[in-house]
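Below is one structure, written out as structure tokens; comments come after it.
The values are calculated or read from the model by the stated rules, or taken from the named source; none is laboratory data. If you're wondering where the values come from, they're calculated on a predicted model, not measured in any experiment. Every residue, glycine among them, receives a Cβ derived from its backbone with ideal geometry; neighbour counts consider all protein chains shown. Accessible surface is based on the protein model in full, side chains and every heavy atom, while ligands, DNA and RNA are left aside. Shrake-Rupley method; radii C 1.70, N 1.55, O 1.52, S 1.80 Å.
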Amino acid sequence: MPWTSRPRRCPVLGDGALEQLKREGRIVVVGASLAGLRAAETLRAKGFVGSLTMIGDEPYEPYDRPPLSKGVLLGRARAHRTALPRLRSVDATWRLGVPATGLDMAARRVRLADGDDVPYDRLLIATGVRARPWPRPEEAELDGVFVLRTRDEGAALARRLDEGPKRVLVIGGGFAGSEVASACRERGLPVTVAERGAAPLVGALGGVVAAVAAGLHREHGVDLRCGVMVTALEGDASGRVRAAHLSDGSTVETDVVVVSLGALRNTEWLNGSGLGAGPRGIACDAGCRAFDIRGIVTDDIYAAGDVARCPHPLFGYQFLSLEHWGNAVAQAGIAAHNMLSESIDRLPHMDVPAFWSSQFGVNVKSVGVPSMATDILISQGSLDSRRFVGVYGYQGRVIGAVSFDHGRWLPFYKELIERTAPFPPQFPTVDRHTDGQQPMDADFPDPSVPSHGPTVTLSGYSPADRRMTFTPAH
Amino acid sequence: MTHTLLHQILDYANRADPYPIYEELRRTPVHHEADGPYVISTYYEIRSLLHDPRISSDARNQASAGADPLAESAPEGSALPPSFLRLDPPEHDRMRRMTNRHFGPPHSPHRVDAMRPELHDIVAGLIDGLGDPGRIDLVEEFAYPFPVTVICRLLGVPREDEARFHTWADTLAASLDPDPDADPAERGKGAHEARMQLGMYLAGLIEERRKNPGDDMLSQLATAKGQDGPMTTMELLSTAALLLIAGHETTVNLISNGMLTLLRNPDVLQRLRAEPRLAVPIVEELLRFEPPVQLLPGRTTLADVDVRGVTIPKGSTLWLVLASGNRDPQRFENPDRFDPDRPDIQHLGLGSGIHSCFGAPLARLEAQLALSELARRLENPRLLDDPPQYRQNAVLRGPRHLRIACDGIRP
Ligand SMILES: Cc1cc2nc3c(=O)[nH]c(=O)nc-3n(C[C@H](O)[C@H](O)[C@H](O)COP(=O)(O)OP(=O)(O)OC[C@H]3O[C@@H](n4cnc5c(N)ncnc54)[C@H](O)[C@@H]3O)c2cc1C
């Protein structure tokens, strides 16, 4: 199929066009994981009977990632048994194990690595993110150095842990890194965590809560090193990692290294396509419709999940990129709905972000965007007991909340965020302790300093962000 | 006139079908009668309040709020301290956590599921033992004895003592029924006495279990030393009393309301007979459609709380009418239809938030097994009285008797 062939124009609007799209349209989904699958299911549920193609670079059917850093590492779940439950039949053509390599927006075609190209009337991009690799390739390739994003990576790491390494070094104390450390300790393996910030989770939850996380690490026997960076990994003669060198001059002898430095958005395949995609993700409107590089919204291309970034009315219309399971599901539903709707029937994605994690026996949950906050108030429970709810404030309103083993209260705080309730909240609650009466500085690190990657990124315009140069034409 | 709706909820004449009253109630989502509780009847409002940290379950906060329908803390010389059902965090969290160690994940993930074969045997035994198929009282012969036997086994309470604690349990369950007119002290007396008796009985048992621990929950609770330390004897007594009573009073109703509903919907009963796995969605829909706990009468506001534009003042008593929320047309399409095929059924039948039903996994499993086995084994079952005779209780609502007939009992 010649790449330059003119598109078969499918009328986007007008009498019966939508009906025709539903009946005989062609929808292509790139990224066959959580967002892709849920979108496909929604399309079918909403009466789309046309052709549906699911393109995924991994050879597997859509599977669930959260267990990879939890049950799988504990040996309680198998990496190859985490397939996502199917909510309904999607009746699609699956192109698995084949990456998409290009997009021709004019011709409405997706190009595949095997040379094929697939035409579409509507395209959904759900290519997610991948683990940020260790920056020095020759060190990253040492045997025993892992990242954790995919099923294969999860299985490989689990296998290595089964062999009983003498020490595991986790680089980066974000959510994923902390979960890995927790799983290792639960298995009785010696663990060192090296974190550039002042404490684990500091980028996502701020210093006040991060101090509690640090306590959890230490109490569970993690050798936690904060305020340090790993500067080099060293291998032995057989190419197996044997030590890591730290910026404070110390060395950690280790035979397994888990690099947990956040994620990179899978957008390179869109370079040069004219779509508004880049290292921060794919810019969309609140209805998940992607922008082109001119800032004009497309009518036929949508994005959902970790790769998307959307403006959110509750957070000052900042563009949010969320690496949250629930966000992928919700956006997939919105994108699928909007693909099949007239403009006035389209829905905005306005879910309040929500995230959970489980580490060191503690259930951590958050709602809203804590990392946008300046202040925190412990509204229930206490930091000392490690069971509490912290409410985050920004410019006099509630913008987020986090709970440690107090998750059942979070719906209440979600409502406060939705109502833009004032911060600090003034009312008494059950279990309000003395240390919870006063708001304090939430103690987030300077956002311009790169961190291990919070799972929420404010990716709207910032003065430090000068990616574009203005070159006036003559 | 002012008291009409509250009285109608409690009026026995409406026990068989309280739903039209709830419908009327929902027209005023925050319903308040002079000096009475604030009654909340719509789904989203109830759900929000169940997660609202300004709402207390602690009976002690209710002193100022007038009638204490649960009367668990009789003013002087209380028989037992309040159970975690009537406590706020942090005490609630600690007690519930310590109890849960021996019941559910993460420490005891398989406890309930491991009881499956045993539950199955009990069900089979009870069905084998049903008397004249032409005249079965399903409550007396099945729906009551089943959960009682189960909770006795789980806790390690001798089944022979059932007759003794049955009377206490009855009294205590009855005391849950809020009566805005009754003198709280008067009402509290009987319950107080029953709690005292039950407490003494359990104290004896626990003493025994401490000496000779078995693998039952009572032994485990009595001997455990988790990170929260051991339970005091008084805490242990009120926890045990709570588990014993809540562990069966509600399941009896779930099963008998369930069978009643199935007999009124023979097509569903037919499907269940053919496909026992349908019991899972059937029980969920039952918890929505005929929840065994109809309303939560004992919550208090710690601050002024705005609900749908009404300010409920600090110190007010709330009634959260779960059964009404479950039939709120704003939330469920065709709410008065019993439809086990509903795709989205986040009901309020087991509550929500920190006080959501502790025994839910066990109650669900019991009801699923009971209903699927009854469906499979009863041949051509039919109701002899419809509606059946109900129990007095408006909170723990269910049939007192459920008389049915069938052509025979399949093996
Ligand atoms: C270890 C781990 C633990 C997590 N734990 C939690 C948690 O506890 N709570 C929580 O809320 N979230 C958690 N998450 C995040 C959650 O899993 C993600 O938010 C979610 O998977 C996002 O789904 P997605 O479909 O957008 O992207 P992904 O799941 O990343 O899927 C994208 C897919 O697209 C494929 N792809 C990429 N490029 C191409 C291309 N060019 N062509 C074809 N296919 C391509 C990728 O290989 C991948 O299969 C966790 C993630 C990980 C990795």
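Remarks
- Some residue of the range A:163-182 being closer than 30 Å to A:G361 by Cβ, within 14 Å of chain B (Cβ to nearest Cβ) and either within 10 Å of the ligand (Cβ to nearest atom) or part of a helix (DSSP H, G or I) (or both): yes
- Checked against the criterion of being in contact with a Ser or Thr (Cβ under 9 Å, 6 or more places away or on another chain) and within 16 Å of the ligand (Cβ to nearest atom), the candidates A:F355, A:F412 yield just one match: A:F355.
- Scanning the range B:112-145 for residues that are under 23 Å from the mean Cα position of the chain (by Cα) and among the acidic types (D, E) yields B:D113, B:E118, B:D137, B:E140, B:E141.
One line per residue, one yes/no per condition, for (1) in contact with a Cys (Cβ under 6 Å, 6 or more places away or on another chain); (2) within 19 Å of A:A79 (Cβ to Cβ); (3) in a strand (DSSP E or B); (4) touching a residue at least 60 places away in the same chain (Cβ under 8 Å):
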residue: A:G115; (1), (2), (3), (4): no, no, no, no
residue: A:P133; (1), (2), (3), (4): no, no, no, yes
residue: A:E138; (1), (2), (3), (4): no, no, no, no
residue: A:A158; (1), (2), (3), (4): no, yes, no, yes
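- Residue match in the range A:419-430 (condition: of a type in the set (F, W, Y) and either more than 11 Å from chain B (Cβ to nearest Cβ) or closer than 17 Å to A:A210 by Cβ (or both)): yes
- Restricted to the range B:112-216, the set of helices (runs of 4 or more DSSP H) holding at least 2 residues that are within 19 Å of B:L236 (Cα to Cα) comprises B:145-155, B:162-175, B:184-211.
- Complete set of residues in the range B:31-58 that are crowded, with 23+ Cβ neighbours inside 10 Å and among the hydrophobic types (A, V, I, L, M, F, W, C): B:V39, B:I40, B:I46, B:L49, B:L50, B:I55
- Of the numbered criteria (1) at positive phi; (2) within 24 Å of the chain's Cα centre (by Cα); (3) buried (at least 16 other Cβ atoms within 10 Å of the Cβ), the one A:A77 fails is (1).
- Filter result for B:L119 (within 21 Å of B:I409 (Cβ to Cβ), of a type in the set (A, V, I, L, M, F, W, C) and either open to solvent by 20 Å² or more (accessible area, probe 1.4 Å) or without any contact (Cβ under 8 Å) to a residue 12 or more places away in the chain (or both)): no
- Scanning the range B:298-320 for residues that are in contact with a Gly (Cβ under 9 Å, 6 or more places away or on another chain) and either open to solvent by 50 Å² or more (accessible area, probe 1.4 Å) or outside any loop (DSSP other than H, G, I, E, B) (or both) turns up B:T300, B:T301, B:T317, B:L318, B:W319, B:L320.
- Matching entry among A:W94, A:W134 (being away from chain B (no Cβ under 14 Å) and away from the ligand (no atom under 15 Å from the Cβ)): A:W134
- First in the range A:28-50 and over 12 Å from A:L124 (Cβ atoms), second anywhere and near the ligand (Cβ under 9 Å from one of its atoms) and among the β-branched types (V, I, T), Cβ under 7 Å, 6 or more apart: A:L34/A:V329
- No other residue among A:S385, A:S379, A:S358 is within 13 Å of chain B (Cβ to nearest Cβ), open to solvent by less than 10 Å² (accessible area, probe 1.4 Å) and hydroxyl-bearing (S, T, Y) apart from A:S379.
The rows are residues; the columns are (1) in a helix (DSSP H, G or I); (2) away from the ligand (no atom under 16 Å from the Cβ); (3) open to solvent by 10 Å² or more (accessible area, probe 1.4 Å); (4) of a type in the set (A, V, I, L, M).
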| position | (1), (2), (3), (4) |
| --- | --- |
| A:G272 | no, no, yes, no |
| A:F291 | no, yes, yes, no |
| A:G295 | no, yes, yes, no |
| A:D306 | yes, no, yes, no |
| A:C310 | no, no, no, no |
| A:N327 | yes, no, yes, no |
| A:A335 | yes, no, no, yes |
| A:P348 | no, yes, yes, no |
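- Yes/no for A:S371 being open to solvent by 10 Å² or more (accessible area, probe 1.4 Å), touching a residue at least 12 places away in the same chain (Cβ under 8 Å) and either in a helix (DSSP H, G or I) or at the interface with chain B (Cβ under 10 Å from one of its Cβ atoms) (or both): yes
- Taken across the range A:58-74, residues that are assigned to a strand (DSSP E or B), within 12 Å of the ligand (Cβ to nearest atom), under 23 Å from A:W356 (Cβ atoms) and in contact with a strand residue (DSSP E or B) (Cβ under 6 Å, 6 or more places away or on another chain) do occur, with at least one present.
- Between A:L314, A:L377, the distinction of being away from the ligand (no atom under 16 Å from the Cβ) and not in a strand (DSSP E or B) belongs to A:L314 only.
- Test: residue in the range B:378-389 that is more than 20 Å from B:M259 (Cβ to Cβ), more than 14 Å from chain A (Cβ to nearest Cβ) and open to solvent by 20 Å² or more (accessible area, probe 1.4 Å): no
- Residue within the range A:41-55 that is at pLDDT 95 or above, under 30 Å from A:V168 (Cα atoms), touching a Phe, Trp or Tyr at 6+ places or on another chain (Cβ under 9 Å) and within 13 Å of the ligand (Cβ to nearest atom) present: no
- Some residue of the range A:392-407 being within 13 Å of another protein chain (Cβ to nearest Cβ), surrounded by fewer than 19 Cβ atoms within 10 Å (Cβ to Cβ), out of contact with any strand residue (DSSP E or B) (no Cβ under 7 Å at 6 or more places or on another chain) and not hydrophobic (A, V, I, L, M, F, W, C): no
- Residue match in the range B:321-340 (condition: in a helix (DSSP H, G or I), away from chain A (no Cβ under 14 Å) and over 25 Å from B:E33 (Cβ atoms)): no
- Pick from the range B:343-355, criterion assigned to a loop (DSSP other than H, G, I, E, B), touching a Lys or Arg at 6+ places or on another chain (Cβ under 8 Å) and modelled with pLDDT of 95 or more, ranking: nearest to B:H51 (Cα to Cα): B:S352
- In the range A:348-365, the residues that are among the acidic types (D, E) reach residues that are modelled with pLDDT of 95 or more with C-beta atoms within less than 7 angstrom, at least six apart or across chains, in these pairs: A:D351/A:N327; A:D351/A:A330.
- Restricting attention to the range A:176-196, the residues that are under 22 Å from A:D441 (Cα atoms) and open to solvent by 20 Å² or more (accessible area, probe 1.4 Å) add up to 1.
- Subset of the range A:358-371 [within 14 Å of the ligand (Cβ to nearest atom), among the small types (G, A, S) and over 15 Å from the mean Cα position of the chain (by Cα)]: A:S358
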